[in-house]
Amino acid sequence: MKRILLSIITITAFGFGAKAQWSQITPSDFVAVYSSSIAFADIDGDNDQDVLITGNSASNQKLSKLYTNDGTGSFSEVLGTTFVGVFKSSIAFADIDGDNDQDVLITGWNSSFQSIAKLYTNDGSGIFTEVIGTPFDGVNTGSIAFADVDGDNDQDVLITGRNNSSTKVAKLYTNDGSGTFTEATGTPFEGVFGGSVAFADIDGDNDQDLLITGQNSTNQEISKLYSNNGSGSFSQIFGTTLDGVYQGSVAFSDIDGDNDQDVLITGENSLNLRIAKLYSNNGSGSFTEITGTTFDGVENGEISFADVDNDNDQDVLIAGINNSSLNVAKLYTNDGSGIFTELSGTPFIGGYIGSVAFADIDGDNDNDLLITGNNNGAVSFAYRNNTISLIGSITVQGQSGSSTITTNSGTLQMEAVVLPANATDTTYTWSVANGTGSATINTSGLLSALTNGTVTVTATANDASGITGSITITISNQSVSINNYIGNNKIAIYPNPVSSQLTLNTSEQIKSISILDITGKILKTVIPTNNTIDVSNFTQGIYFLQIQTEKGISNSKFIKE
């Protein structure tokens, strides 16, 4: 196996509601290909994302190359695999035989320009064996998708494309659970090539419906939706507004957080325009085009949804050749409501007749990116995502869940839970706001009671999120009130109000004095000389003293004039 040391080219990109850094990984571990397909999966059970790449190389070889990941994003080619090399290809991983590993189906044109569809089972360690005698129709320039269409908890598969008889097909094969497939006859699907397919539950009835795009037998561009009755029997949904496309890509995602599956469609339509159209689902499977999007229309490319900026919504990458005949790969970030903004300054190099895929290749809990295609020659570029992950929430509580201090001069250790735990900066700052009671809090979150009543303790994120978390703490059984302390104990302070030097008169030995503002924030801690404190630099206002003596803690109030 070949190991390649990585260097990084880093580019920072800023967009609406997002801050992202993307680093092109150079040199690339991967063979450059076009007319290609790529798919990530953990093939060897080591909890990282490996990758299979198919396509036509710069030297016109038809390839299928498997790469294993060491967990850090460094890949090594697996030599000696039995995969047939293909181009104009489609690949998909799925556990077809219920043994908890990822098997793979490969379609495309082989080196003899024969259309193939070959299934390979995984032994769990990443060693694949071809399954002989499958019923699959070999295709090229097609698409494949796995889903449990009949509710029997195994992975069935749909295959589209052009077969060796130049017939455009769309065939469904059901799985018996052991990896043996049978063609489902009598389906209503229209055969296509140069298309894309995707399963999703579009109508909320807990089964997998289907969208098929491409060019049909009469060379018309189509986008057809089929509803599943739950047992794997499909019916075409008529009257949809979806634009028919050829040489495109489709992907479902909940873009607006309403718990249904919306859809993005790219490709060339019947007017020979390259489009990228987004459709919102009303929850019952009825779609409405969202006008005014900023997406660049493309064909001969691919689209992929992923949360690239860790804000819990689905962003999207669109790659292909646009209406200006430019190869593009554009990333659009989502504000959570389905409004997308192009992220400028990304380092992505687009390619047409290629493929794109997101995966966390380096185990840092964000989505990295691989792009293949043709850009003045075959390309394969990997990009590391170094997006700054902001804090999303802070939950504050007292130690052991306590929200009270019931002992005189008592303390309570405050705790904060930050989510996500993998945020770039998980630090926070403690503060306390006095209510009917008063207290102080140090930088470690130790809350010290001063007077009876309630206070509000807050943890504020130190990153750019502006997130805070708060809790109300109830204080009781304090023997001294700040408002009446001076007349009722052995420490006197004068003059009060004071302009410069504050004197403390007591027979007790003073160990330290902390000066607090009215929010309870400690401004200064001193060991007084001759029981005096210089407060000349303080602004006018009310302040508190927390006086530590040999007998304990006492509290006083003074006014700076």
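The values are calculated or read from the model by the stated rules, or taken from the named source; none is laboratory data. Remember, it's a predicted structure, so these values are computed and weren't measured experimentally. Here Cβ is always computed from backbone atoms with ideal geometry, including for glycine, and neighbour counts include all displayed protein chains.
The rows are residues; the columns are (1) among the hydrophobic types (A, V, I, L, M, F, W, C); (2) at pLDDT 90 or above; (3) within 24 Å of Val78 (Cβ to Cβ).
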| position | (1), (2), (3) |
| --- | --- |
| Met1 | yes, no, yes |
| Gly17 | no, no, no |
| Asp29 | no, yes, yes |
| Ala32 | yes, yes, yes |
| Ser35 | no, yes, yes |
| Ala39 | yes, yes, yes |
| Ile43 | yes, yes, yes |
Scan of region 440-460 for residues that are among the β-branched types (Val, Ile, Thr) and over 13 Å from Ser470 (Cβ atoms), ordered by number:
Thr440, Thr443, Thr451
Give me the residue from region 313-326 that is among the aliphatic types (A, V, I, L, M) and either on the phi > 0 side of the Ramachandran plot or outside any loop (DSSP other than H, G, I, E, B) (or both) and, out of that set, surrounded by the most Cβ atoms within 10 Å (Cβ to Cβ).
Ala319
Segments classed as strands (runs of 3 or more DSSP E), wholly inside region 109-201, with at least 3 members that are among the hydroxyl-bearing types (Ser, Thr, Tyr)
115-122
Ser125 versus (1) closer than 18 Å to Gly373 by Cα; (2) under 30 Å from the mean Cα position of the chain (by Cα); (3) hydroxyl-bearing (Ser, Thr, Tyr): which is the lone unmet condition?
(1)
Can you say whether Asn206 is modelled with pLDDT of 95 or more, surrounded by fewer than 17 Cβ atoms within 10 Å (Cβ to Cβ) and either within 32 Å of the chain's Cα centre (by Cα) or not assigned by the TED database to the domain that holds Asn175 (or both), as far as the supplied structure shows?
yes
Would you mind stating whether Thr525 is part of a strand (DSSP E or B), without any contact (Cβ under 8 Å) to a residue 24 or more places away in the chain and out of contact with any His (no Cβ under 7 Å at 6 or more places or on another chain)?
yes
Of all residues making up region 383-402, the number that are among the small types (Gly, Ala, Ser), part of a strand (DSSP E or B) and surrounded by fewer than 18 Cβ atoms within 10 Å (Cβ to Cβ)
1
Is it the case that Ser554 is under 20 Å from Thr436 (Cα atoms), assigned to a strand (DSSP E or B), outside the structural domain of Ser448 (by the TED database) and more than 48 Å from the chain's Cα centre (by Cα)?
yes
Collect the residues in region 520-547 that are buried (at least 16 other Cβ atoms within 10 Å of the Cβ), modelled with pLDDT under 90 and within 21 Å of Ile441 (Cβ to Cβ), keeping them in residue-number order.
Gly520, Ile522, Tyr543, Phe544, Leu545, Gln546, Ile547
Can you tell me how many residues in region 419-438 are closer than 20 Å to Ile473 by Cα and of a type in the set (A, V, I, L, M)?
2
Could you say whether any residue in region 403-418 is hydrophobic (A, V, I, L, M, F, W, C) and not in a strand (DSSP E or B)?
no
If I filter region 305-312 for residues that are touching an Asp or Glu at 6+ places or on another chain (Cβ under 8 Å), of a type in the set (D, E, K, R) and either at positive phi or not in a loop (DSSP other than H, G, I, E, B) (or both), do I get at least one hit?
no
Residue in region 215-224 that is charged (D, E, K, R), touching a strand residue (DSSP E or B) at 6+ places or on another chain (Cβ under 9 Å) and in a strand (DSSP E or B) present
yes
Gly466 is checked against (1) more than 16 Å from Asn408 (Cβ to Cβ); (2) modelled with pLDDT under 95; (3) surrounded by 18 or more Cβ atoms within 10 Å (Cβ to Cβ) and fails just one. What number does that condition carry?
(3)
Residues Thr241, Thr213, Thr218: which one is free of Cβ contacts under 8 Å to residues at least 12 places away in the same chain and under 25 Å from Gly297 (Cα atoms)?
Thr218
The lone exception for Thr129 - which of (1) closer than 24 Å to Asp50 by Cβ; (2) surrounded by 15 or more Cβ atoms within 10 Å (Cβ to Cβ) it fails
(2)
Please go through region 193-209 and give me each residue that is of a type outside the set (Asp, Glu), touching a strand residue (DSSP E or B) at 6+ places or on another chain (Cβ under 6 Å), closer than 24 Å to Asn259 by Cα and without any contact (Cβ under 8 Å) to a residue 60 or more places away in the chain, ordered by number.
Val197, Phe199
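Every residue, every condition in (1) part of a loop (DSSP other than H, G, I, E, B); (2) of a type in the set (S, T, N, Q); (3) in contact (Cβ under 8 Å) with a residue 12 or more places away in the chain; (4) more than 28 Å from Ala147 (Cβ to Cβ), yes or no:
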{"residue": "Thr54", "(1), (2), (3), (4)": "no, yes, yes, no"}
{"residue": "Ser59", "(1), (2), (3), (4)": "yes, yes, no, yes"}
{"residue": "Thr68", "(1), (2), (3), (4)": "no, yes, yes, no"}
{"residue": "Thr72", "(1), (2), (3), (4)": "yes, yes, yes, yes"}
{"residue": "Gly80", "(1), (2), (3), (4)": "yes, no, no, yes"}
{"residue": "Lys88", "(1), (2), (3), (4)": "no, no, yes, no"}
{"residue": "Asp97", "(1), (2), (3), (4)": "yes, no, yes, no"}
